[in-house]
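Scroll down for the structure; my scribbles are underneath it.
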Amino acid sequence: MTIWEKMHAGELYLPSDREILSVQTDCLELLRVYNGTRSSRPKKRRKLLEKMFAELGEGCYVEPPFHANFGGRHVHFGKFVYANFNLTLVDDTHIYVGDYTMFGPNVTVATAGHPVLPALREKGYQYNAPVRIGRNCWIGAGAVILPGVTIGDNTVVGAGSVVTKDLPSNVVAVGNPCRVLREVGERDRLYYFRDRTLNEELRP
């Protein structure tokens, strides 16, 4: 098994491998250029993201500064994904994000982990597990999503949550560790924030 295959198969490997570092350095150079772009140059930003990401759907917006271990090389965005300031994607393996999903500021999505056994950490070993985020999710500010997690469609993750396990579709989940608070339901068709009511024309 090659070092690249180990990276994407959940096997232990050494991220300090010269071949990996060479590719990673090139990715981070593109990321540096992206983070230096002006907001008045949306076409330039788009072209850079197309080079940086594994997949990029139409209408995606990623607000600099953006941080990623491999500059987005292993990131798959559907269409109209929105990311606010300081999105951090630890993309040592694949991260999949569905259409219309939104990230609040300072969200971290991590695919990389290190063994608990101190002797292995001392040698620099790492393993990776992919993260899958469904369609039309909202990941609140400061949330952290850990390796191997899958989040279902239409789910809201509350600000500051730490997602350690899979979340189903159509729920609101909060906390550390993140747990399902409730299902998305009829009240959400009537109220958009506390006692603020939705206008009739906006109700699905």
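Farthest towards the positive end of the charge dipole of the chain, among the residues Pro42, Gly134, Asn170, is the Cα of Pro42, using unit charges on the Cβ of Lys, Arg, Asp and Glu.
With the largest listed first and rounded to whole Å, the semi-axes of the equivalent ellipsoid of the stretch 1-95 from the Cα gyration tensor are 25, 14, 10.
Let's see if you can work this out: charge +1 on each Lys and Arg Cβ, -1 on each Asp and Glu Cβ, no other charges. What is the dipole magnitude of the stretch 3-202 about its Cα centre, in debye to the nearest 20? Intermediate values should be presented prior to the final figure.
Details: 24 positive and 22 negative charges, 108 e Å.
Here the size comes out at about 520 debye.
So which trypsin sites (Lys or Arg not before Pro) in the stretch 43-121 end up in coil per DSSP with only 16 or fewer other C-beta atoms within 10 Å? Here the sparse-neighbourhood loop sites are Lys79. Between Glu201 and Arg121, the contour length at 0.36 nm per residue exceeds the alpha carbon distance by 23.2 nm. Result for the chain in a Gaussian network model with C-alpha springs under 10 Å: among Thr111, Thr93, Thr164, the largest mean-square fluctuation is at Thr164. Shape call for the chain from the C-alpha gyration tensor, a ≥ b ≥ c root eigenvalues: rounded (a/c under 1.5), prolate (a/b greater than b/c) or oblate? Because a/c hits 1.5 or more and a/b fails to exceed b/c, the chain counts as oblate. Give the angle, between 0 and 90 degrees and rounded to the nearest 10, that separates the Cα long axis of helix 18-35 from the longest principal axis of the Cα atoms of the chain. Helix 18-35 sits roughly 40 degrees off the main axis of the chain. Compared with the dominant principal axis of the Cα atoms in the chain, helix 42-52 is inclined by about 50°.
Say R0 is 30 Å: what FRET efficiency, to the nearest 0.05, do Asp153 and Val33 get from their beta-carbon distance? So, using R0 = 30 Å, E works out to roughly 0.35. Between Leu12 and Thr25, the distance separating the two model label sites (each 7 Å from Cα on the Cα→Cβ line) works out to 2.8 nm. Computed over the chain, the per-residue total of -39500 (n - 2.57) for DSSP H runs of n ≥ 4 gives a 222 nm mean residue ellipticity of -6000 deg cm²/dmol, rounded to 500. Between the listed residues Pro15, Ala68, Leu146, the Cα displaced farthest toward the positive end of the dipole of the chain, a dipole computed from Cβ unit charges relative to the Cα centre, is found at Ala68.
Quick note: the coordinates plus some simple rules give every number you see, no bench work behind them. These numbers come from a predicted model, not from an experiment. So basically every Cβ, Gly included, is an ideal-geometry build from the backbone, and we count neighbours across all protein chains shown.
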